[in-house]
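Data block below; observations after.
The values are calculated or read from the model by the stated rules, or taken from the named source; none is laboratory data. If you're wondering where the values come from, they're calculated on a predicted model, not measured in any experiment. Note that we place each Cβ from the backbone using ideal geometry, even for glycine, and neighbour counts take in every protein chain shown.
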Amino acid sequence: MASFIKALLLVVVAEMGDKTQLLAMAMASKYKAKQVLIGVLIATILNHALAVAVGSYVSTIIPMNLIKIIAAVSFLVFGLWTIRGDKLDDEDNKKVKFGPIVTVAIAFFIAEMGDKTQLMTISIAAENQQPLLILMGTTVGMLIADGIGILGGAWMCRHIPEVYIKWVAGVIFMFFGTLTLYNSVPAAFLGPAYIVLYVALMGGLIYLFGVKLAYFGQVCDIALNKKDDLSEMESEEKIQKRA
């Protein structure tokens, strides 16, 4: 059960502001929220089942201590990725000529390939040898995070600055990465000189990804635009009913 909760929480954190959450929010401006979430569910099960299978296979050919070090470095990378944010391109948001659920599932599956949450699922599955619980946890986590984006994105943007959400999520990842790395590397690498070097390196990378290369406004632009579009549609429907 601990693996399920860990996978769920980490995916919720990873998905906040991620490209696939942006895609789900954009899709919700075209289709009903229920249809989008069903499409996300189908795509996530297929995509993360593949990721869990890869992670489980990796754990059989690589020593566990090395896997933990790789997972720790991955968490640090995911933290930097999170504070930088993602950008949804027109290519990611292109229409597919199927029904709403199939359209969302296909677009989401493609967008998730090589994305942060898929790579993180591989890392978690390799580190924790409980594939079914990992798959369940990451799937539920994706639904929660994308549900928050679709249903509560506009509210969050009006009450919580987007940059705060990104930095809190990023810091959580870097904390877990640092803690795992500390518990996994040989004692020879835990001396003061190495720690100072690590802090300086991470400080430089955090500044680079969190300030210089960061994307701002993506989540709130999509969430607020979606809210405005829905309001306009409701107004038009009321006018048509009165007419």
**Report entry** Residues satisfying the stated conditions in the range 120-153, i.e. touching a residue at least 12 places away in the same chain (Cβ under 8 Å) and of a type in the set (Gly, Ala, Ser)
**Finding:** Ser123, Ala125, Ala126, Gly137, Gly141, Ala145, Gly147, Gly149, Gly153
Requested in this report: Name the residue, out of Ile165, Ile172, Ile222, Ile195, that is among the aliphatic types (A, V, I, L, M), in a helix (DSSP H, G or I), in contact with a Gly (Cβ under 8 Å, 6 or more places away or on another chain) and modelled with pLDDT of 90 or more.
Outcome: Ile172
Report task. Filter the range 1-14 for residues that are over 14 Å from Ala145 (Cβ atoms), part of a helix (DSSP H, G or I) and touching a residue at least 60 places away in the same chain (Cβ under 8 Å) and give the result. Result -> Ser3, Phe4, Ile5, Lys6
Query raised in the report: Among the candidates Asn93, Asn65, which residue alone is at pLDDT below 90 and over 17 Å from Ala24 (Cα atoms)?
Result: Asn65
Requested in this report: Could you check the range 15-119 for helices (runs of 4 or more DSSP H) lying wholly inside it with 1 or more residues that are buried (at least 19 other Cβ atoms within 10 Å of the Cβ), of a type in the set (Lys, Arg) and in contact (Cβ under 8 Å) with a residue 60 or more places away in the chain?
Outcome: 19-27, 64-84
Report task. Check Leu8 against each of (1) within 21 Å of Ala169 (Cα to Cα); (2) surrounded by 23 or more Cβ atoms within 10 Å (Cβ to Cβ) and name the one condition it does not meet. Result -> (2)
